[in-house]
Each structure stands twice: as C-alpha cells, then as structure tokens.
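What follows is calculated from the coordinates using simple rules that are stated; it is not laboratory data. Since this is a predicted model, take the numbers as computed values, not measurements. For neighbour counting, all protein chains shown are included, and Cβ atoms are generated from backbone atoms with ideal geometry for every residue, glycine included.
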Amino acid sequence: MLKYLLFFAGLPLVPLLSAGDTGGFFVDKTTPLAALQQANERFLARYKSKFSWQDYLALIDELADTKRYKVIAGEDFSTVSAPDKVVVYFRHDMDLAPFHGVKMSREEKKRNLRGSYYVLHSARYYGTKKPGKMIRYAAMDALWKEIRDNGHEIGIHNDLFSMQLTNGIDPVKFQAAELAYYRAAGLPVTGTVCHGGVINAWGLNNTWIFSDFRKKGAYTHKGKVYKYGERSVKDFGFTYEGYRLRCNVRLSDISKYDASGLLKRLKACKPGDKVSLLLHPCHWRKDASVSGKK
C-alpha cells in the first residue's frame, strides 16, 4: 500500500489511512436530505435570529460596490493586495444554519461576491455523534457543492479539540479521513478556521490544536491527559487557518454592535485596509422568507 496519497498538485501530502483506521470518521449514505432539513428547521426554531434578512441584504449590497471593495475567500486573502480598495475576507461560519447558508451564497453570487463557508464537523447537521465516532451525512454534500458552484470556498470549521475531549476522536486521523472524503467528493478543501463552543468555557481554544499558535501543552479531562500544539496547520493537511490571515480590521456579527453598527464600521474602512468580516448564517434569518429565492 502506498504510504501517501497526493490529491492535487501543490497541496500537502495526506497520509493514506489503513483499513479501518479512520479516527472515528464514518459516512451515512442513507439518511435523505429532506429529513435533515426538517430536523435542522426544528432545531433552529429554538433560536432567535439576531438580525433580519433585509439587514443582510443591505450589508452585501454595500460589499457589491466593486469600486470600493474587493471581496475574496480565505484561500486568496494572503496573496491579494489592492491599495486602492478595501480588501475583505468574507467568512461564513455555518454553526447552526447550513440551509440558510446556501440561501446566502445564492444572493452573494448575484452580486459577484466570493467568500468562504466553513462546515462545522461537530454540528448536528453534519452527522450522528457516537462514542469515538462521527458518522457524516453524505446527503449534506449537496449543499456544500451548491455553495461551491455559487463561487465560494468550502472550508472546515475546526472543532477537533472539543471532539477529542468530549467524544474520544483522534484529531489527526479524523482530519486526514475527512479531508480525503472531501477531495474524493470533488471538494478541494484547503482552509480551516477554529470554532468556539463548549471548550471555551473550560479555558481552552480550538486553535491550540495547531502548533502555529504556540500553545503547546496538555489538558487532563476525566483522568485522561490530552496533548495539544504538537502539529502544524500544514501537518493537518491545510494551507491556511483563518485566524492567522493578517488583517488590520476585524468585523463580526457576534460583536456588541448591531447590524447597523456592523454596516457603519464596514463603511468606515479605508482603501488599503484588509478586513476580516465574519457572519454566521443563523444570525440573519428574521423575515428571510420574503427574499432570497433561487
């Protein structure tokens, strides 16, 4: 058996896992997409939307001004320079609302905007979680492919630290298997950005899984010691981590300001600024039925 499998020229070599050595990554090919959408809608009904759909449309209408902005995905952000424009890394963390994320990607396509959509591999919509396993719903790949076809980058919302501590998943093996799956499905994932979640309350951070953040150490959970910070972003198979992309302005829909405050801060950016703009689809759902049709 070959020791390594090279998926795309220029991408890191990813270890070829031996039979059964998936790090807890498995695939469910039977659950239909309609059932997953219904389950997601029931789940989201418990969460109020912070902002309205019209707030979102106003924001992307502003970004559509090509004389002022250059809106790009994370995979291009470090190499693009436009001194006469505001360069925006347009980031979408799909924590809870992937179907709404698809709707957003359609609107952005209409305005020739390109961004990054990060899929949370510990989310309910992603798969069924069992001890030592995450069983991925293959039907959800249709969403990621549509978002990709709408011109956007698909990336991974890293929750490896949390999955390791709470579910006994080997982060290195799981990540290798997940990336292999994506690439075999025609989705060349190269980027990641960390998720917050439960471990933040424990004083931990998902970025620490990577040595690039220089937080090497160990954490004891239920009598077991977990080491972290021993392997780099590249060792895990990625070309970049979103929090390591250099920018001088960070804007987010989880900051203290409201939607109008976010838009005001975006408009205050100056040519030459490099901006990280983070949206969560779950926060822009109010009155979404009035627009956003395909």
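At-a-glance table
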| item | result |
| --- | --- |
| Net charge contributed by nearby residues that have their C-beta within less than 9 Å of Thr207 (K/R +1, D/E -1) | 0 |
| Relative packing of 132-138, 264-270, which averages over residues the other C-beta atoms within 10 Å, highest first | 132-138, 264-270 |
| Helix-only mean residue ellipticity at 222 nm for the chain, each DSSP H run of n ≥ 4 adding -39500 (n - 2.57), per residue, nearest 500 | -8000 deg cm²/dmol |
| 10 Å binning of all Cα-Cα separations within the stretch 36-98, expressed as whole percents from 0 upward | 17, 36, 28, 16, 3 |
| Whichever lysines have a C-alpha closer than 19 Å to that of Lys48, once near sequence neighbours (fewer than 8 apart) are set aside | Lys103, Lys256, Lys286 |
| Dipole magnitude of the chain, debye to nearest 20 (Cβ charges: Lys/Arg +1, Asp/Glu -1, about Cα centre) | 400 debye |
| Cα centre as origin, Lys/Arg/Asp/Glu Cβ charges: the stretch 67-130 dipole, Debye | 260 debye |
| Hypothetical label at Val80: residues of the stretch 267-287 whose amide nitrogen lies under 11 Å (7 Å Cα-Cβ projection) | 275 |
| Inter-centroid distance (Cα atoms) of the stretch 120-136 relative to the stretch 165-200, Å | 11 Å |
| Positive minus negative residues near Gly115 (Lys, Arg vs Asp, Glu; Cβ under 9 Å) | 0 |
| Ratio of Rg to Rh over the stretch 77-208 (Cα coordinates, Kirkwood Rh, two decimals) | 0.99 |
| Shape box of the stretch 202-294 [Cα atoms, principal axes, largest first, Å] | 50, 35, 29 |
| Fluctuation leader among Leu179, Leu113, Leu59 - the chain, Gaussian network, Cα springs under 10 angstrom | Leu59 |
| Cα-based Rg of the stretch 136-187 normalised by 2.2 N^0.38 Å, two decimals | 1.26 |
| Net lengthening on full extension, Ala45/Ala218 (0.36 nm per residue, minus Cα-Cα) | 58.5 nm |
| Kirkwood Rh in Å, taken over the chain so that all alpha-carbon pairs contribute | 19.8 Å |
| Stokes-Einstein D (µm²/s) once Rh is taken as the Kirkwood radius of the stretch 131-250 over alpha-carbon pairs, at 20 °C in 1.002 mPa s | 139 µm²/s |
| For the stretch 238-275 versus the stretch 75-116, the gap between their alpha-carbon centres in whole angstrom | 12 Å |
